[in-house]
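The values are calculated or read from the model by the stated rules, or taken from the named source; none is laboratory data. Everything numeric here is computed off the predicted structure, so don't read it as measured data. Cβ placement follows ideal geometry from the backbone for every residue including glycine, while neighbour counts extend to all protein chains displayed.
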Amino acid sequence: MSDFSPSLVVSDGTGQVYEIEEYQSLGISGENVVEIPSDEWIPLPEGSQLMELPGRLPVGLNRKTGAVETLGGDVSEKLLAVAAFVAPAYTIFYHAAWEKQSQARKLPLYAYSAVGWQDGRFYVPAMRIDPDIRQDPPNFNQAEIVKSAQRLLKKYSHNRLAAHLINNCALTYGCPAAQNFLLNRWEMPLPTARACNSRCIGCLSLQPNTEICSAQNRIAFTPTAAEIIEIAVPHLETAPNPVVSFGQGCEGEPLMNPQLLYDAIRGIRQQTSRGTINLNSNASQPEAIARLAEAGLDSLRVSLNSARSDFYTRYFRPKNYSFADVLQSIRNMKIAGRFVSINYFVFPGFTDQSSEIAAFEKLLTDYSIDLIQWRNLNIDPECYWEKLNPPREIGIGIRKLIERYKTKFPHLHHGYFNPYLG
């Protein structure tokens with residue numbers, strides 16, 4: 001048994017959580033219940049949230065017998081499993097362990113980290129993958145945000161995109177990137193797309209005909225290039241380490257309207273050479289990517305759940321494009337001498353399988369990727385596993401995977417956010 005072994009955390013079904021000292025907290029890697037190494041636990045980061053999981057019973061390790069047991073099955077003992085949604089900049093190593101009951105509905109779109117309790121505090125198996133403080137909770141003063149919102153609404157009273165970022169993103173959803181726009185610093189979002197040519201099973205903004213609620217509503221209009229340029233240029237010219245990014249959780253795929261992106265990027269660069277213009281994308285249109293690089297696009301972040309074409313297709317469910325198109329977009333961006341990062345959707349027990357490692361290492365080598373953004377995949381783990389149906393192969397562990405890539409690819413960067421390229 002581990003030297004450091006946090007206790008199982010459970011909920012009473014009313015939102016009250018407590019520890020059960022007799023049981024050790026366990027994790028899930030793929031389909032496997034595993035004991036979490038003592039050196040992989042860290043204190044629960046500020047800004048994280050605990051979640052009780054309806055219809056799911058907690059699973060823990062009985063410290064006396066060494067047996068893995070499900071708790072709460074007795075009618076008189078109403079217990080629910082608990083998971084942690086870990087703050088940005090952190091990558092989780094294991095999902096929480098639970099036993100799903102027959103009537104349980106699908107879980108909302110969060111990443112469900114294992115969590116435990118020891119020495120008077122909560123712990124999670126995770127690591128800080130990015131030292132950037134741009135979304136750390138202590139850096140957000142709500143009074144300043146509200147004051148700035150009022151000022152910018154007056155300044156940009158005619159600009160629909162500014163109103164969307166302020167009223168919907170910053171004030172309603174509390175989007176840190178939109179709030180950083182209000183605070184005139186770091187990375188700001190530029191959502192543009194109402195439509196998408198992927199049907200991702202974990203789409204944050206559109207879940208038609210499913211029992212899953214979207215995390216946020218998709219933007220309801222298409223901004224003009226003039227609206228984009230009007231708010232992007234001042235940010236790039238005055239903010240510290242400025243980045244403007246197309247492709248947000250509140251929109252579809254920006255490449256659905258490549259001419260708008262081209263006009264906006266070219267218009268921005270006609271007024272300022274400062275800062276980084278970034279595109280978060282499914283990279284489905286290689287010719288458009290090449291043209292945008294010519295217009296002044298500095299960096300491309302490509303979202304991947306897998307470097308294996310079949311599993312990529314099962315998750316993204318692309319319409320009128322293929323995984324080969326994604327790879328060609330990456331190649332076109334690199335030919336143009338631009339920066340490419342992989343927005344890698346981390347799923348413990350899948351991302352660290354040997355067949356995935358081999359495919360991903362080939363991608364890293366063949367396309368000279370600059371950065372991996374280790375993003376926790378927000379999805380019901382059992383739903384994801386069922387949809388992808390991957391091989392029953394035990395992963396090496398997410399922490400070991402990250403260490404492997406750092407050693408094997410010493411020039412590769414690792415993080416969570418889109419970097420300012422300076």
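Between Glu211, Glu144, the distinction of being in contact (Cβ under 8 Å) with a residue 12 or more places away in the chain, surrounded by fewer than 13 Cβ atoms within 10 Å (Cβ to Cβ) and closer than 29 Å to Pro240 by Cα belongs to Glu144 only.
You will find that of Glu393, Glu386, Glu361, Glu287, the residue that is outside the structural domain of Asn32 (by TED's automatic domain parsing), surrounded by fewer than 17 Cβ atoms within 10 Å (Cβ to Cβ) and modelled with pLDDT under 95 is Glu393 and no other. Does the range 196-213 hold any residues that are hydroxyl-bearing (Ser, Thr, Tyr) and modelled with pLDDT under 90, and which are they? Selection gives Ser205, Thr210.
Residues in the range 112-121 that are out of contact with any His (no Cβ under 8 Å at 6 or more places or on another chain), in contact (Cβ under 8 Å) with a residue 60 or more places away in the chain and either surrounded by fewer than 15 Cβ atoms within 10 Å (Cβ to Cβ) or within 20 Å of Val33 (Cα to Cα) (or both): Val115, Gly116, Trp117, Arg121. Checking each residue in the range 151-168 for being farther than 14 Å from Phe221 by Cβ and touching a residue at least 60 places away in the same chain (Cβ under 8 Å) picks out only Tyr156. The selection criterion, being of a type in the set (Val, Ile, Thr), outside any helix (DSSP H, G or I) and surrounded by 15 or more Cβ atoms within 10 Å (Cβ to Cβ), holds for Ile369.
Please state which of the following conditions Met127 fails to meet, knowing it meets all the rest: (1) part of a helix (DSSP H, G or I); (2) in contact with a Lys or Arg (Cβ under 9 Å, 6 or more places away or on another chain). Unmet for Met127, out of (1) part of a helix (DSSP H, G or I); (2) in contact with a Lys or Arg (Cβ under 9 Å, 6 or more places away or on another chain): (1). Among residues that are in a strand (DSSP E or B) and within 25 Å of the chain's Cα centre (by Cα), Asn241 is not included. Annotation: of all residues in the range 33-44 being outside any helix (DSSP H, G or I), of a type outside the set (Val, Ile, Thr) and over 23 Å from the mean Cα position of the chain (by Cα), the one that is surrounded by the most Cβ atoms within 10 Å (Cβ to Cβ) is Pro37. Only a single item in (1) within 20 Å of the chain's Cα centre (by Cα); (2) within 30 Å of Gln270 (Cβ to Cβ); (3) free of Cβ contacts under 8 Å to residues at least 60 places away in the same chain is not met by Asn343, and it is number (3).
Looking only at the range 1-18, filter to residues that are at pLDDT 90 or above and within 18 Å of Glu99 (Cα to Cα); which one of those is farthest from the chain's Cα centre (by Cα)? Only one residue tops the list, namely Asp12. Only residues that are crowded, with 19+ Cβ neighbours inside 10 Å and either within 23 Å of Val34 (Cβ to Cβ) or more than 19 Å from the chain's Cα centre (by Cα) (or both) were counted in the range 406-422, giving 0.
If you filter the range 21-32 down to residues that are assigned to a strand (DSSP E or B) and acidic (Asp, Glu), you find that the one that is farthest from the chain's Cα centre (by Cα) is Glu22. Across the range 72-103, the number of residues qualifying as under 31 Å from the mean Cα position of the chain (by Cα) and either modelled with pLDDT under 95 or under 19 Å from Tyr23 (Cβ atoms) (or both) comes to 16.
Regarding Glu77, is this residue assigned to a strand (DSSP E or B), of a type in the set (D, E, K, R) and assigned by TED's automatic domain parsing to the domain that holds Ile28? Judged against the criteria, Glu77 is not a match. Condition (residue is surrounded by 17 or more Cβ atoms within 10 Å (Cβ to Cβ), among the small types (Gly, Ala, Ser), touching a Leu at 6+ places or on another chain (Cβ under 6 Å) and in a loop (DSSP other than H, G, I, E, B)) applied to the range 82-97: is it met by at least one residue? Within the range 82-97 (the criterion being surrounded by 17 or more Cβ atoms within 10 Å (Cβ to Cβ), among the small types (Gly, Ala, Ser), touching a Leu at 6+ places or on another chain (Cβ under 6 Å) and in a loop (DSSP other than H, G, I, E, B)), the answer is yes, since at least one residue qualifies.
Scanning for something touching a Phe, Trp or Tyr at 6+ places or on another chain (Cβ under 8 Å), at positive phi and in the same structural domain as Asp325 (by TED's automatic domain parsing), does the range 172-194 turn up at least one residue? Within the range 172-194, one or more residues are touching a Phe, Trp or Tyr at 6+ places or on another chain (Cβ under 8 Å), at positive phi and in the same structural domain as Asp325 (by TED's automatic domain parsing).
Consider the range 244-279 and keep the residues that are part of a strand (DSSP E or B) and without any contact (Cβ under 8 Å) to a residue 60 or more places away in the chain. The one that is nearest to Ser341 (Cα to Cα) is Leu279. Among the residues here, Phe345 qualifies as in a strand (DSSP E or B) and within 25 Å of Val124 (Cα to Cα).
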